[in-house]
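Engineer: Before I ask anything, here is the structure I am working with.
The values are calculated or read from the model by the stated rules, or taken from the named source; none is laboratory data. Note that this is a predicted model, so its numbers are computed, not measured. Positions of Cβ are backbone-derived with ideal geometry, glycine not excepted, and every protein chain shown enters the neighbour counts.
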Amino acid sequence: MSERINYEEVIESRRYPERETLSTLRFFAVLLAVFAAFIFVFTHVLIGVQVSGSSMEPTLYGGKPNGDGTYSGGDYLFVNTLDRIDYGDIIVFHATPDISDNSELIKRVIGLPGDSVYAVNGVLYRIRAGSSSPEIVEETYLGEAWTETFPSAGDTRDYVHDGKVVVPEGMVFVLGDHRSVSKDSRSFGPIPLDNVVGVVTGWSLKHRKSLATIFGFFGFIREIF
């Protein structure tokens, strides 16, 4: 009668220590690669930001004023650095010292390169590049009455022609949704596309409240104004 084979002992006897070491190294290499990919995506492709200040209200909540010029509890969003900029997009961009003391700002795209933009008594007009017909920019996102006319009759800045802001090549014209408090392209002019960090993703706009709970502890969440 033949003895029953103990397969566990057979497997054990055939195991090579160096293979076990290689397997362990492979596991940690894969784990490290996954971690590195996660860090890369969430620091270079999808960047977490927190809104601070009221320039985009009521669309975005900028937090509660603390009395010292800072805010707390603003909306959390994610910015796609690879997305193509289009009309109505909310973007984050680097601000130069002559624009703001804050390093990054968040505004809405109104004009693209070659467009002409102007407002009359709170009605915003845009003439698209290559066109001669003005269109009214429907701004359903505004939460306040807006009666401004710009640019002013005496505006002599080099990008203002015939009472319109003509957006130079390689630049975009941006406005905040809270017009009475927002410092934007009305004052500092169009901003270079090279300064744009990225476009706020639609899914993070939709789920910005829950993102505060999920991503609030990450250290790479930036404050934007």
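Engineer: When you scan segment 83-99, do you find a residue that is under 22 Å from residue 152 (Cβ atoms) and at pLDDT below 90, even just one?
Structural biologist: yes
Engineer: Hey, another quick one. Quick check on this structure: which one of 133, 185, 180 is within 26 Å of residue 47 (Cβ to Cβ) and hydroxyl-bearing (Ser, Thr, Tyr)?
Structural biologist: After ruling out the rest, the residue left standing is 185.
Engineer: Within segment 194-213, is even one residue in a loop (DSSP other than H, G, I, E, B) and among the small types (Gly, Ala, Ser)?
Structural biologist: No, there is no match, as no residue in segment 194-213 is in a loop (DSSP other than H, G, I, E, B) and among the small types (Gly, Ala, Ser).
Engineer: Sticking with this structure for a sec: Any chance segment 106-124 includes a residue that's at pLDDT below 95 and of a type in the set (S, T, N, Q)?
Structural biologist: Looking for residues that are at pLDDT below 95 and of a type in the set (S, T, N, Q), one finds none in segment 106-124, hence no.
Engineer: A further question on this structure: Could you count how many residues in segment 84-130 are touching a strand residue (DSSP E or B) at 6+ places or on another chain (Cβ under 9 Å), of a type in the set (Gly, Ala, Ser) and at negative phi?
Structural biologist: Counting residues in segment 84-130 that are touching a strand residue (DSSP E or B) at 6+ places or on another chain (Cβ under 9 Å), of a type in the set (Gly, Ala, Ser) and at negative phi gives 6.
Engineer: Okay, next question. Can you tell me how many residues within segment 169-192 are surrounded by fewer than 23 Cβ atoms within 10 Å (Cβ to Cβ) and among the β-branched types (Val, Ile, Thr)?
Structural biologist: Number of matching residues: 1.
Engineer: Then there is this: When you look at residue 154, is it surrounded by fewer than 18 Cβ atoms within 10 Å (Cβ to Cβ) and either touching an Asp or Glu at 6+ places or on another chain (Cβ under 8 Å) or modelled with pLDDT of 95 or more (or both), yes or no?
Structural biologist: No, not satisfied.
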